[in-house]
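Trainee: Pasting a structure here, questions to come.
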Amino acid sequence: MPELDLFLDITAPNGRQYKQPTGLFIDNEFVKSTSGQTIASIDPATTREIASVYAAGAEDVDKAVNAAKAALKDDSWKLLPATDRGMLMGRLADLIEQNKELFATIDAWDNGEPTFSPILTKFAYTIRQPIGVVGQIIPWNYPLSMAAWKLGPALACGNTVVIKAAEQTPLSILVLGTLIKEAGFPKGVVNIINGYGREAGAALVQHPLVDKVAFTGSTATAREIMKMAAGSLKNITLETGGKSPLIVFNDTDMEQAVKWSHFGIMSNQGQICTATSRILVQKDIYDTFVEQFKGAIQTTSKIGDQWDESTFQGPQVTRAQYDRVLEYIQVGISEGATVASGGGPHPANSNGESGYYVQPTVFTNVKDSMRIYREEIFGPVVVIVPFETEEEAIRRANDTTYGLGAAVFTKDLERAHRVAAEIESGMVWINSSQDCDPRVPFGGVKQSGIGRELGEAGLEAYSQVKAVHVNMGNKL
């Protein structure tokens, strides 16, 4: 079979002549496919071949995706001002307008669409409506707060809800049910179920009458939810795991950086999806930072009874989570990292009772390839690593499958904004950690989730847009 030319001289049935590209358009060039395979485009009016074009295989797809990824990072596109992007779009629109008869010819020939299309005078508007029945799966680390995050926007937009409480922490959400009834909500508007994820959660996600699923939890579970929701193309919002970086530059306010860094990983026993569990510190202040961080643990991380107002760190939520955290600590030790502080179970609490208490643990001499650097632990365990340049810090911060939160500590606000723009995450804190405002969207990128909660985006996630077109007297 002769090799196909990348451009063919073609004459359409209406007499219009033009050059038809046949290749794959990759990196602004038409190229032949790796395999040389082709696809024939058929005129549906005559059943005869119009032309053949090259068919992409997996290798060609990889080239195209890598070209798009490289362009995304290249300054020629990344730093192009929005006005200049608009000018490019306008120029393209002008060129399409200049060639509209050619495009009408090609599409009429290629798919049988008549070239006549009436342009009508009309009025159009949009309305927002509830999505419908929403299934909300709540995590165990902040039971009532997470229920409120999801329930409020859903009800405000007119949806009805089925909440599945976490099997580990169902109690406060059940009490919330009594207040929902007392407040006067109609029957069936809010429903609360307990149960295990593999049974009750799966049944909720797959139920044919559930129109949307909102989930907060692990990335692994989110993948399973996506598969189950795909059966009926459900609307989904997923807020999943993280391995959030916290970058400390050498011009920072050291005392504040240490305090916020400690809070960012050790609060709530490290059981926070946005926990800044990877701390990157500029090399010339690294040793000082590590020592002061260890000091913050000694002075702040009082471990014990959660009923004691002076307690900073309580127990892990379950035996399974306790065992998971301790297992990761052993993994870090076996991988060759240095335990700079902590490193095991904490003794019994002040009442002499056993509990799921873990020492706040700091690892140094950590390589980026280690599991404790790359995997979400969800406990009071942090790695502290040195870096030399801003570019290195950004590269290493972004070297993760996650992208939920990140923090930057520096007195140089120009640098702070520059780094914040470069970090691949849904949220960035400048000179703080774990800030949250219900007026501001919350959510991640990459494998840290899909969609947003809170803010205007959180309301939009619980409504759908309908377009209404009104004929203003036109007659065909």
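Trainee: Looking at GLY455, GLY379 in this structure, which one is crowded, with 19+ Cβ neighbours inside 10 Å, in contact with a strand residue (DSSP E or B) (Cβ under 9 Å, 6 or more places away or on another chain) and not basic (Lys, Arg)?
Mentor: Details: GLY455 fails: crowded, with 19+ Cβ neighbours inside 10 Å.
Step by step, each of GLY455, GLY379 is checked, and only GLY379 is crowded, with 19+ Cβ neighbours inside 10 Å, in contact with a strand residue (DSSP E or B) (Cβ under 9 Å, 6 or more places away or on another chain) and not basic (Lys, Arg).
Trainee: Check VAL445, VAL381, VAL440, VAL419 and return the single one that is within 28 Å of GLY314 (Cα to Cα) and either more than 16 Å from the chain's Cα centre (by Cα) or not aromatic (Phe, Trp, Tyr) (or both).
Mentor: Working: VAL445 fails: within 28 Å of GLY314 (Cα to Cα); VAL440 fails: within 28 Å of GLY314 (Cα to Cα); VAL419 fails: within 28 Å of GLY314 (Cα to Cα).
Of VAL445, VAL381, VAL440, VAL419, the one residue that is within 28 Å of GLY314 (Cα to Cα) and either more than 16 Å from the chain's Cα centre (by Cα) or not aromatic (Phe, Trp, Tyr) (or both) is VAL381.
Trainee: Sticking with this one: Is it the case that LYS69 is loosely packed, with under 12 Cβ neighbours inside 10 Å and part of a strand (DSSP E or B)? Quick ask: steps written out before the conclusion?
Mentor: On the way: loosely packed, with under 12 Cβ neighbours inside 10 Å: yes; part of a strand (DSSP E or B): no.
No: the conditions fail for LYS69.
Trainee: Kindly indicate the residue of the range 270-291 that is among the polar types (S, T, N, Q) and within 21 Å of the chain's Cα centre (by Cα) and also farthest from VAL258 (Cα to Cα) among those meeting that condition.
Mentor: In this case the residue turns out to be GLN271.
Trainee: How many residues are outside any loop (DSSP other than H, G, I, E, B) and of a type in the set (Ser, Thr, Tyr) when one looks only at the range 213-239? It would help to see each step written out before you state the result.
Mentor: First pass over the range 213-239, keeping only residues outside any loop (DSSP other than H, G, I, E, B): 213-216, 219-230, 235-239.
Still in the running and of a type in the set (Ser, Thr, Tyr): 216, 219, 221, 237.
Matching residues across the range 213-239 total 4.
Trainee: Looking at ALA214, is it of a type outside the set (Phe, Trp, Tyr) and over 15 Å from TRP140 (Cβ atoms)?
Mentor: On the way: of a type outside the set (Phe, Trp, Tyr): yes; over 15 Å from TRP140 (Cβ atoms): yes.
Yes: the conditions hold for ALA214.
Trainee: Looking at (1) at pLDDT 95 or above; (2) closer than 26 Å to GLN316 by Cα; (3) of a type outside the set (Val, Ile, Thr), which is the one condition that is false for ASN250?
Mentor: The single condition ASN250 does not satisfy is (2).
Trainee: With the structure loaded, tell me whether PHE185 is out of contact with any helix residue (DSSP H, G or I) (no Cβ under 6 Å at 6 or more places or on another chain), among the hydrophobic types (A, V, I, L, M, F, W, C) and at pLDDT 95 or above or whether it fails that test.
Mentor: Working: out of contact with any helix residue (DSSP H, G or I) (no Cβ under 6 Å at 6 or more places or on another chain): yes; among the hydrophobic types (A, V, I, L, M, F, W, C): yes; at pLDDT 95 or above: yes.
So PHE185 fits the description; yes.
Trainee: Among the residues of the range 102-110, is there at least one that is farther than 30 Å from ASP43 by Cα and surrounded by 10 or more Cβ atoms within 10 Å (Cβ to Cβ)? Break it down into steps so the answer makes sense when it comes.
Mentor: First, the residues of the range 102-110 that are farther than 30 Å from ASP43 by Cα: none.
Checked against the condition, which is being farther than 30 Å from ASP43 by Cα and surrounded by 10 or more Cβ atoms within 10 Å (Cβ to Cβ), the range 102-110 yields no hits at all.
Trainee: Starting from residues that are under 18 Å from VAL339 (Cβ atoms) and touching a Lys or Arg at 6+ places or on another chain (Cβ under 8 Å), keep the ones in the range 261-309 and report whichever is surrounded by the most Cβ atoms within 10 Å (Cβ to Cβ).
Mentor: ARG278
Trainee: Determine the pairs where a residue that is on the phi > 0 side of the Ramachandran plot and assigned to a strand (DSSP E or B), located within the range 1-22, has a partner that is surrounded by 15 or more Cβ atoms within 10 Å (Cβ to Cβ) and of a type in the set (Gly, Ala, Ser) with Cβ atoms under 7 Å apart, the partner being 6 or more residues away or on another chain.
Mentor: none
Trainee: Could I ask something else about it? Considering only the range 130-157, state which residues are assigned to a helix (DSSP H, G or I), in contact (Cβ under 8 Å) with a residue 60 or more places away in the chain and not aromatic (Phe, Trp, Tyr). Walk me through how you get there before you give the answer.
Mentor: Initially, the range 130-157 is screened for residues assigned to a helix (DSSP H, G or I), giving 143-156.
Next, only the ones that are in contact (Cβ under 8 Å) with a residue 60 or more places away in the chain stay: 146, 149-150, 153-154, 156.
Hits for the range 130-157 are MET146, LYS150, PRO153, ALA154, ALA156.
Trainee: Another one. What number goes with the only condition from (1) without any contact (Cβ under 8 Å) to a residue 24 or more places away in the chain; (2) in a loop (DSSP other than H, G, I, E, B); (3) touching a strand residue (DSSP E or B) at 6+ places or on another chain (Cβ under 6 Å) that SER33 does not pass?
Mentor: With (1) without any contact (Cβ under 8 Å) to a residue 24 or more places away in the chain; (2) in a loop (DSSP other than H, G, I, E, B); (3) touching a strand residue (DSSP E or B) at 6+ places or on another chain (Cβ under 6 Å) applied to SER33, the lone miss is (1).
Trainee: Another question, if that's okay. Can you name every residue in the range 56-80 that is out of contact with any helix residue (DSSP H, G or I) (no Cβ under 8 Å at 6 or more places or on another chain) and either within 24 Å of THR38 (Cβ to Cβ) or in contact (Cβ under 8 Å) with a residue 12 or more places away in the chain (or both)?
Mentor: GLY57, ALA58, GLU59, ASP60, VAL61, ASP62, LYS63, ALA64, VAL65, ASN66, ALA67, ALA68
Residues are listed down the side, and each one gets a yes or a no for (1) modelled with pLDDT of 95 or more; (2) under 40 Å from the mean Cα position of the chain (by Cα); (3) under 30 Å from ALA421 (Cα atoms); (4) among the acidic types (Asp, Glu):
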site: VAL31; (1), (2), (3), (4): yes, yes, no, no
site: ALA45; (1), (2), (3), (4): no, no, no, no
site: LYS73; (1), (2), (3), (4): no, yes, yes, no
site: MET87; (1), (2), (3), (4): yes, yes, yes, no
site: ASP94; (1), (2), (3), (4): yes, yes, no, yes
site: LYS100; (1), (2), (3), (4): no, yes, no, no
site: PHE103; (1), (2), (3), (4): no, yes, no, no
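The values are calculated or read from the model by the stated rules, or taken from the named source; none is laboratory data. Everything quoted here is computed from the prediction, not taken from an experiment. FYI the Cβ positions are ideal-geometry reconstructions off the backbone, even for glycines, and counts take in every protein chain you see.
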